[in-house]
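Written below as structure tokens is the structure these notes are about.
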Amino acid sequence: MTFVRRLFKWGFILGTLCALLIGAFTWFYLIPRLPDVSALKDYHLQTPLRVMSRDGKLISEFGEQRRIPLRIDQVPQDYINALISAEDENYYSHYGVDPKGLLRAAVRMVQAGGKIQGGGSTLTMQVARNYLLTLDQTFIRKFNEILLSFQIEQQLSKDQILEMYFNKMFMGHRSYGIEAASAVYYGRSISELELPQLAMLAGLYKAPSKYNPISNPARSKIRRNWILGRMLKLGYIHQQQHDDAIATPIIARHHSLKPETSASYVAEMVRQELFDTFPIEDVYTGGYRVYTTIDSRLQDAAQLAVQKGLLAYDRRHGFRGIEINHGADLATEEAERILNRIPVFGPLQPAIVQQLNEDSANLIMRYGVTATIQFSDMSWIRPRIAIDHLGPKPEQISDILTVGDQIRVRQAYSDPSVWYLSQVPDAQGALIALDPQDGAMIALVGGFEYLHSKFNRATQALRQPGSNFKPFIYSAALEQDFTAATLINDAPVVFADASLEDSWRPENYSGKFFGPTRLRKALYKSRNLVSIRILREIGIKSAIDYASRFGFKPEQLPRNLSLALGSASVPPIDVATAYASIANQGYQVTPYFIERIEDSFGKVLYQAEPTTVCANCDYVRATDTVNLENPPEPQATIIDNGAIIALDEAIDQEDADQQAAQDALLSSNNRPTTALPIAPRIMDERVNYIMHTILQDVVKKGTARKAQKLERNDLAGKTGTTNDQKDAWFSGYVDSMVATTWVGFDQPKTLGRNEFGSTAALPIWIDFMRVALEGTPEHQRTQPDGMVTIKIDQATGELARPEDTTSLEEIFREERTPIQMALPKNNQSTDNASLQEAAPEQVF
């Protein structure tokens, strides 16, 4: 007994010493080296950049980790119950560590020869490991995990710990957190899932690859059913729910991230803007949510209009042939494998001909889809020999296709079950639509398809605008001594320039000359020679200075008379911006596309303050906002509830002070106030009104008459075509929207002898505006003060004689009205033929 007592005594002493040593080791060595648990209060998850339209539709997402953080009140209770059943059934009763679970883990460690095994970790311990520790399986790491779990439970609530857990964990296929996983596996939000799907997601944490419902559906089902059994045992569901869920098949499949609107060019613009503003490492992980000015409905309409317009142009210029032939013996499985690797360009799907019939062809497309195209729908098919030279029409389908041909097909716009033979257009196009009141980009398309070409023609292409530039030359003239009735001679002219080998002999497209022509008619008929004479009269420097008010860059404008014909090289966005100033009655606006930037918790980091048209307004500065040129620090995306509450209170007080200042100013002078910078006037409002009516005449009786199919009387705009038809343009507007369309080849070459702004670009604008103006009532401008309407003689622009039955009305500024009465008709010299045959004027 003495020996036993001594043994017990020494065992107690040794045990106490070991406990003291372990305690000392823990207190003096491990605890000081533990990560600071308080950092979890301000944790930051890697969350991708999301680009949204102004109406909240997803445009694009950038980042390696797909994650959409949720609050616990946004998560179905069935999911919480499934998670606890699978991972930690005693979660709500322990203090971070489950002794029974640790004991089971210790037994498995002994059985494994001392090697640390998985299991035994509570949800709290898993949070400690994934947020604060490494994933190394060592005894020290496990011990640190236990210590941290006690600290976490003291500083965070159970709900906070759960939020951290289900937002952080990897769940397969680049998805992190339950909301991203729900989107990947089911294409829906977790709030829309039912019990079987929720149980399946809860089973992924243990091993996302092993229990993946896409790659391992059998194992996934076993794991799901085990969790459902645990839920039944723990009383979270009743027997009928369990049985129904068990009987539900696995329906998960991979859902790639699908944008809700087609605006890839805009998404890239946003990405580049953020790279220039925020730290590069934060752009893809900071969880920024960028709301653009894009209207998703109009963006989709713009994309469709550009694609339809370019496909229509392409059909007019013949078939360029198949993409490649894979041979007549190509197996169906191999054909499908090939097609699945080929990208879809807009509406154009890749397809391979499997069988030729007498009047049709059977096709296989991506993912095994089959279709048939009819020879009767191929009437447009003629081989392109040159842009203006097509070969003979094929007599049978075998003259066009053979088995094994890889081609492009598209669905009929009116009937998705019908497919047509098509091809990827070799011409390109762009469309940009702005709100003329503040320059907001409503829609932007930079090409036929972003995946086909990432070059953004709307903002990056430098192209000659041709006659699209003329309104700014004519407006500059109207600001001087010209009127809409001023006569300018449309007659031959030759310019000698020492820098040119030959003299420049500009002419109208028709090759004809029309003699003395009123300024209004010269613009809506787009007379080149009149434009040159006007520019020569007002002066090149004066015209450049004037055009630069509208946003054109002076260095891009040639300092010679070719400027009158639009020989400058400018991007479409500059043209649209310039027309916005005509549309908004003469104010300067700057285009912008980012409305606001939020962090991952919804805090606004940046809010646009565009210069905005507000006639007769007083500007009262709003509360300061972050400027993109002076971005916030990266920690702005971190949660700090106290700071946010304080900031919100300060902002509320400043808003109240701001409103009081506005009210005081309004009551003192009865003028409206605005918290946005006021757009400056750059155009005399009366000159603007005259130019507006001339551009309306372009639609009513000029080169844009096709736009009358929209059946509106408030449309205005101007076509543009450059030499050899290398560029085709149309810029048009109503008071609430301006849009510019451009068509051309990336490497400038002729579009074809019959391709003009009215044939290639205007139809795109019409298709877009048909959607954009749907439900928008017509609006006619009110004539400004200081203007008069007078009847004039059509031929001379002078005051009409009382007996003149062919006179017309013209609008003048009061100080620019004609004072001379026209001569009687039989005394007027209108022999234009003699003017055309006269020797051309020499200009040096």
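The values are calculated or read from the model by the stated rules, or taken from the named source; none is laboratory data. Predicted model only: the values in this text are computed from it and were never measured. Note: ideal-geometry Cβ built from the backbone for every residue, glycine included; neighbour counts use all protein chains shown. Keep in mind that these areas ignore ligands, DNA and RNA; they rest on the heavy atoms of the full protein, side chains included. Shrake-Rupley method; radii C 1.70, N 1.55, O 1.52, S 1.80 Å.
A few remarks follow.
- FRET efficiency, Arg188 to Ile819 (Cβ-Cβ, R0 60 Å, nearest 0.05): 0.20
- Accessible area expressed per residue, region 673-762, with surrounding protein chains retained (probe 1.4 Å, Å²): 34
- Shown is the FRET efficiency for Ala675 and Arg753, computed with R0 = 45 Å from the Cβ-Cβ distance and rounded to the nearest 0.05: 0.25.
- FRET efficiency for Val771 and Asp399, using Cβ-Cβ distance with R0 set to 35 Å, rounded to 0.05: 0.35
- Highest-first arrangement of 569-576, 388-395, where packing means the average Cβ count within 10 Å: 569-576, 388-395
- Debye, to nearest 20: dipole size of region 253-405, +1 on Lys, Arg Cβ, -1 on Asp, Glu Cβ: 260
- Whether region 563-623 is rounded, prolate or oblate, judged on the alpha carbon gyration tensor where a/c under 1.5 counts as rounded: oblate
- Farthest toward positive dipole pole in region 419-548 [+1 Lys/Arg, -1 Asp/Glu at C-beta], among Asn489, Gly447, Asn528: Asn489
- Placing a pseudo-label 7 Å from each Cα along the Cα-to-Cβ vector at Gln794 and Ala386 gives an inter-label distance of 4.1 nm.
- Stretching Trp226 away from Ser510 to a fully extended chain increases their span by 94.1 nm, per 0.36 nm per residue minus the current alpha-carbon distance.
- Arg219-Asp329 pseudo-label distance in nm [points 7 Å out on the Cα-to-Cβ vector]: 4.0
- Region 439-575, Cα convex hull volume normalised per residue, Å³: 147
- Among 683-692, 800-809, the peptide with the highest mean count of other Cβ atoms within 10 Å heads the list, and the full ranking is 683-692, 800-809.
- In terms of packing, defined here as the mean over residues of other Cβ atoms within 10 angstrom, the peptides 765-778, 170-183 line up highest first as 170-183, 765-778.
- Gain in span if fully extended, His779 to Ser209, counting 0.36 nm per residue against the direct Cα distance: 199.1 nm
- Where region 505-629 is the region considered: accessible area per residue in Å², 1.4 Å probe: 40
- Prolate/oblate/rounded call for region 752-798, Cα gyration tensor, a/c under 1.5 rounded: oblate
- Of the accessible area of region 359-463, computed with a 1.4 Å probe over protein heavy atoms only, carbon and sulfur atoms account for 50 percent.
- Near Phe550, once Lys and Arg are set to +1 and Asp and Glu to -1 for all other residues with Cβ below 14 Å from its Cβ, the sum equals +1.
- Net lengthening on full extension, Ile280/Ile251 (0.36 nm per residue, minus Cα-Cα): 6.6 nm
- The accessible area of Thr483, taken with all protein chains in place and a 1.4 Å probe, comes to roughly 20 Å².
- Å² of accessible area per residue within region 158-311, as computed with a 1.4 Å probe and no ligands counted: 41
- Under the convention that each Lys and Arg Cβ holds +1 and each Asp and Glu Cβ holds -1, the size of the dipole of region 351-503 around its Cα centre is about 560 debye.
- A simple spin-label model places pseudo-atoms 7 Å from Cα toward Cβ; at Asn826 and Phe455 they are separated by 6.4 nm.
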